Amino acid sequence: MADSDSRLDRRLAERDKQLVPYLMAGDGGLEWTRVFLEVCDRPGVACVELGVPFSDPIADGPVLQAAARRAIEAGSSLKAVIALVEKFRRKNDTLPLAVFSYANPIAKMGLEDAFKAIAEAGADLVMMPEVPLEESAPFREAAAENGLGVVLFAAPSTDNARLMQIAEHTRGFLYLIGRYGVTGASKELGGDLDAALNRVQAVARTPVAVGFGLSTPEHVEYVHARADLAVVGSALVERLHQAEDPVAACRAFLARLMPE
Amino acid sequence: MRSDPYFELYGGVFAPETLVAPLEELEAAWLDARDNPEFLGEFDRLLRTYAGRPTPITFCQRLTEQLDVHVWLKREDLLHTGAHKINNTIGQGLLAKRMGKERLIAETGAGQHGVATATAAALLGLECRIYMGAVDAQRQRPNLERMKLLGAEVEIVEAGTATLKDAISEAMRAWTADPVSTHYLLGSVLGPHPFPNIVADFQSVIGREARAQVIETLGGLPHVAAACVGGGSNAIGLFRGFLGDPGVKLVGVEAGGRGLAAGEHAARFATGSPGVLHGCCTYVLQDEDGQIQPTHSVSAGLDYAAVGPEHAMLRESGRARYVHETDQSALAAFRTLARTEGIICALESAHAVGWVIRNAESLAGQSVLINLSGRGDKDLDHAIGQLGRVLSAETKEF
């Protein structure tokens, strides 16, 4: 059984402003992902989102679409991600892990079975980008039964009444999608983000994470001036894919984004 | 959401949070418009004076003599732009205007929905961008040119399998980037609520008309109402007219492609299972890891891995029955209908005709109403190439 709250809580208590890296599990091979997880376990990283590749990722831009395709070709799947978490947990009991999956791989395994297996492997949180508040109840119940938390999303288009409910039902943190559009790097943050973040901070009962579009130390700094957690996905995934020495690249990029 | 997103176990709103507000806005506009006499009057006026409604029903004299089955066709192929798709694009186009949207975006497979959307956009003075898979753009070149002529921008989608499924994904992604000024005009009874209900509402004119027409002509109801099922909008349009008539058997015909091996067909009810794709829970073709499987059909309009959630409900309740016909059966029916009735139908619709022809023995003496959802102009090059192979296969058989 995952000891979800405490693992994340301990981590969050270490410092206020932290990073949440996203990895596409199996991009480059599952063994590489396990090594990247070890590299990610450093001060200033609150949690890692471990992406389960899906064939039709409607919330993702070109970088994560391509990464998902590579990961599937390399044999990754929800089952493989669960096995990866289990293997990682045998050596590391401190780094909080969020399994980030589209709904279908979970539905195919069966909601109860999937969440039980995810929890037993040692993950802490589950994130599902196309399961909004309306559809989340059965997922939240199955998660709670297994000691997992479901992270809910808010967006610039979310109205205040929904925000209240999302703030009430999210676990671990509240993920604010920082802008309109899909995942992938933006040049600048701002605009939609500032207004949305003000509204979210007013009702949040958990730390707030901001994601979508963050790719530079300046972006992370911008988010950290306004929220606790900064999510970096596409920019990290693309770097690891391009790098000749991905472990060194991972270490260097995290250090640049979040000096220890 | 103010209305029920579910058809029993199927449907729902599996959309990114960014799209929930636009979906709620759309639902509110639809709930308001569907009871609004002014909106309904304008919709009806455009269907009559622009799209060409009502479409007739045609009795197939020679085919009936050949098969000993009384075959009737609901002639959606006679509509402007050549298929039933225009019913929905005019309806949603009017909704978009009502919501103050400036731009329509849509996905297209064969190009029929893209052309119908571009047409509605031109008619209503809206900007238009169509997402089309690179593979489909290649095999449906004339429709690509039509959309451009109608003033639409066409964005070619190279991602994934570069077909309809990927065009839908890309259109949804584009909608998340600008949901405030853009309306996503989804083309079938698919996607997150309220789309399956909205599209069914606008297409239900088919069944309403057809029911009145058969009663007037036959003096009663048909034994069977049949339609091809891709996403399933033409079938839902027909079926909705007869849901209250338990004596009318409803038959949906999926694409059996080259047989039921994985990747060779689009018969979701034959080898698929419940899953979540493009915003709703329904029957999908997927592998054991929940990855969506590639599909094949000779007709691009049926070549899709999921089926509308209302169909999943109708199948589970037993109200409708779902079967599948192969490419070969559809091609043979395409040719038969051309030669016996002088009607060149869409390869999609030919699947429903093929099912009737192949099951003539068990249907003997019964009256069957087929929704002829589209005309075959778009398919000529493709079908004639394929027909050569069917003919040679038949020669070997006899």
Whole-angstrom gap from the stretch B:149-228 to the stretch A:195-260, using each part's C-alpha centre: 39 Å
Chain B: angle of helix B:164-177 to the longest principal axis, Cα-based, in degrees nearest 10: 10 degrees
Test item: B:8-16 mean partner chain Cβ contacts at 10 Å: 5
Proximal lysines to B:K249, defined as alpha-carbon separation beneath 23 angstrom and excluding residues fewer than eight positions away on the same chain: B:K74
DSSP bridge pairs, chain B: antiparallel proportion in percent, nearest 5: 30 percent
With all protein chains modelled, accessible area of B:M1 [1.4 Å, Å²]: 60 Å²
Estimated inter-spin distance, B:T217 and B:R141, nm [label 7 Å along Cα→Cβ]: 3.8 nm
Too-long pairs where the Cα-Cα distance tops 24 Å, listed order kept, from A:K87/B:K165; A:K17/A:K116; A:K187/B:K148; A:K79/A:K116: A:K87/B:K165; A:K17/A:K116; A:K187/B:K148
Test item: Cα-centred dipole of the stretch A:1-131, Lys/Arg +1 and Asp/Glu -1 on Cβ, debye: 300 debye
Ranked packing of A:29-35, A:99-105, B:296-302, most packed first, by mean Cβ within 10 Å: B:296-302, A:99-105, A:29-35
Under 12 Å from B:K85, Cα to Cα: aspartates and glutamates that are on another chain or at least 8 residues apart: B:E76, B:D77
Within the stretch A:178-210: backbone nitrogen closer than 20 Å to the A:D9 label point (7 Å, Cα to C-beta): A:204-209
Charge tally in the Cβ shell below 11 Å around B:L126, where Lys, Arg are +1 and Asp, Glu are -1, B:L126 excluded: +2
For A:D56, net neighbour charge (Lys/Arg +1, Asp/Glu -1) across residues whose Cβ lies under 14 Å away: -3
Peptide A:55-67 - average C-beta neighbours from other chains (10 Å radius): 6
Global form of the protein assembly as shown, assessed from the alpha-carbon gyration tensor, a/c cut-off 1.5: prolate
Value of [θ]222 nm, deg cm²/dmol, for the protein assembly as shown, DSSP H segments ≥ 4, -39500 (n - 2.57) each, nearest 500: -14500 deg cm²/dmol
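If you take every DSSP beta bridge whose two residues both sit in the protein assembly as shown, what share of them, in percent to the nearest 5, is antiparallel?
If we restrict to bridges inside the protein assembly as shown, about 20 percent are antiparallel.
Please label the shape of the stretch B:15-66 as rounded, prolate or oblate, based on the square roots a ≥ b ≥ c of the eigenvalues of the alpha-carbon gyration tensor (a/c under 1.5 means rounded; beyond that, a/b larger than b/c means prolate, else oblate).
Cα axes put the stretch B:15-66 in the oblate bin.
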Most mobile listed residue (B:A177, B:A137, B:A267) in chain B, GNM with C-alpha springs under 10 Å: B:A177
Chain A: DSSP helices with Cα axial extent of at least 20 Å and average Kyte-Doolittle hydropathy no lower than 0.0: A:78-91
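Summarise the partner chain shielding of B:23-29 as one whole number: the mean count of Cβ atoms from other chains within 10 Å of each residue's Cβ.
1
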Cut-off 15 Å, label 7 Å out along Cα→Cβ of B:H80, residues of the stretch B:35-62 by amide N: B:42-55
Contact order normalised by residue count of chain A, Cα under 8 Å, 6+ apart, percent: 22 percent
Segment A:M164-A:E86, length gained on full extension (0.36 nm per residue, minus Cα span): 24.6 nm
Projected label distance in nm at B:E158 and A:A255, using a 7 Å step from Cα toward the beta-carbon: 3.6 nm
Net charge over other residues, Cβ less than 14 angstrom from the Cβ of A:P105 (K, R count +1; D, E count -1): -4
Length-normalised contact order of chain B in % [C-alpha pairs under 8 Å, at least 6 apart]: 19 percent
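The values are calculated or read from the model by the stated rules, or taken from the named source; none is laboratory data. These figures come from a predicted structure and were not determined experimentally. Neighbour counts run over all protein chains shown; Cβ positions are idealised from the backbone, glycine included. The area values use the complete protein model at the heavy-atom level, side chains included, leaving out ligands, DNA and RNA. Shrake-Rupley method; radii C 1.70, N 1.55, O 1.52, S 1.80 Å.
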